[in-house]
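Participant: Before anything else, here's the structure in question.
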Amino acid sequence: MAWDPHGSWPGFSLPALAHGAGASLSEVVLLHESQPETPLALLRGTVLPTPEGTWLGVLQVEASPEDARALGLVLDLLARAGTALVLAGSRRDKDLVRRIREGLRPDHWRGPVLQMLVPTEPPGRGEPLRQALWPRGLTVRVIEHPGSSADPDWTRLLLARLRATTDTPAPPRMTAFPVQTAPADSTASAAPIATPELPPLADEEPLHDDDPAGSLDFSRVERLLELAAMGPGVLAAALVDVGSAELLSLQALTERAADRAERAARQGCAMWRTGLTPDEPAQEAQALQELLWSDAEHHHLLLPMPQRADLLLLVCIDRQFGDLSASRWQAAVARHQGC
């Protein structure tokens, strides 16, 4: 993930990167309910193939460090990223350090090394960052790199350098609670933090009304649930059969969150089915596009899976510590992984 807090690196261009690789680009604007006229953040995401034959997810965030809510969102996303990159090196770096120190409590950081990119010219631009008093528990690494260029390859070469010199840890994983309908040998795989365009998964297969899990690729299911679970404050993410309210697969932080997801699935599916046209078969009915409801402690979100009218994506979000807008975006990204 990359963040340019003061817009000092115009050469970092995700659109140019995606266009050069022939990849698609998603763009989401986050708004705060109390101030919808002022964007909270702009997020651009893409997934690129790597020479090693794997996928690289890249997320670029535009948000002001002067806005405490936007800064909190950025810090949370950086902490969840495999590689956290801040495009720094401007004359306002001291103010940036102060803002991060105010927005991050000591020993609260659980993310990777925070990499601060500064230009090689003029010399010494990175010294204020090296000498800064950062919050306890946050490790900062200053990287010097030639200034941004209009060359479309500049962004690609920068990311290649970061991948070659950074030991990128896997993002935190939630506990996978087994569900009886899932194959015993299913394994989880790491998910990128961006909107991927992956090959379709046997959408031509007929739906099995008596066994909704029968045609699922559970390695893909676990991948999309891990991606949905990366939303800020997400406690549980599950794939649900809309007819029976059964959890076909689940990722949850705790057993209590797993129980909460089961109750939410029953509540949500009951409400969801009332939105179907009763005279049409379930797979042809005009279903809701989203269902969101809340209780004292949680937000609950249900989204339909593309081309699978019998399946829903359920996300349970902590009301106190979560970010509903960001988690809704993350869930929307995840469901397009397909199943």
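The values are calculated or read from the model by the stated rules, or taken from the named source; none is laboratory data. On a predicted model such as this, the values are computed, not experimentally measured, just so you know. Every residue, glycine among them, receives a Cβ derived from its backbone with ideal geometry; neighbour counts consider all protein chains shown. These accessible areas exclude ligands, DNA and RNA; they are computed on the full protein's heavy atoms, side chains included. Shrake-Rupley method; radii C 1.70, N 1.55, O 1.52, S 1.80 Å.
Participant: In nm, to one decimal, how far is the THR50 label point from the ALA21 one, both placed 7 Å along Cα→Cβ?
Facilitator: Placing both labels 7 Å along Cα→Cβ, they lie 1.0 nm apart.
Participant: Order these peptides, 235-242, 131-138, by their mean beta-carbon neighbour count within 10 angstrom, highest first. Please list the in-between numbers first.
Facilitator: Working: 235-242: 26.9, 131-138: 13.6.
In decreasing order of mean packing, 235-242, 131-138 become 235-242, 131-138.
Participant: Could I ask something else about it? For the range 34-89, compute the orientation-averaged projected area of the C-alpha convex hull (one quarter of its surface), in nm². Provide the component values of the computation, followed by the final result.
Facilitator: Working: hull surface 20.9 nm².
Over all viewing directions, the range 34-89 projects a mean Cα-hull area of 5.2 nm².
Participant: Would the range 1-67 count as rounded, prolate or oblate if I go by the C-alpha gyration tensor, calling it rounded below 1.5 in a/c and otherwise prolate when a/b exceeds b/c, oblate otherwise? Could you put the intermediate results ahead of the total?
Facilitator: Working: a/c = 2.72, a/b = 1.96, b/c = 1.39.
Verdict is prolate for the range 1-67.
Participant: Report the FRET efficiency, 1/(1 + (r/R0)^6), for ALA160 and ARG110, where r is their Cβ-Cβ distance and R0 is 30 Å, rounded to 0.05. Walk me through the intermediate numbers first.
Facilitator: Working: r = 27 Å, r/R0 = 0.90.
For R0 = 30 Å, the calculated efficiency reads 0.65.
Participant: Here's something else I'd like to know. If you roll a 1.4 Å probe over the range 46-136 with all protein chains in place, what percent of the accessible area is carbon or sulfur?
Facilitator: Details: 2280 of 4390 Å².
Result for the range 46-136: 52 percent of the exposed heavy-atom area is carbon or sulfur.
Participant: Per residue, how much accessible area does the range 1-151 show when a 1.4 Å probe rolls over the protein heavy atoms, in square angstrom? Intermediate results must be reported in sequence, preceding the final value.
Facilitator: Working: 7350 Å² over 151 residues.
That works out to 49 Å² per residue.
Participant: Using only the Cα atoms of the range 2-164, construct the convex hull and provide its projected area averaged over every direction, in square nanometres to one decimal. Walk me through the numbers on the way to the answer.
Facilitator: Numbers: hull surface 39.7 nm².
With every direction weighted equally, the projected area is 9.9 nm².
Participant: Suppose each label sits 7 Å from its Cα in the direction of the beta carbon; what would the MET271-SER244 distance come out to in nanometres?
Facilitator: 2.4
Participant: Could the peptides 322-330, 220-228, 101-109 be put in order, highest first, of the mean number of other beta-carbon atoms found within 10 Å of their residues? List each step's numbers first, then the result.
Facilitator: Details: 322-330: 21.2, 220-228: 23.8, 101-109: 14.4.
The densest-packed peptide leads the list: 220-228, 322-330, 101-109.
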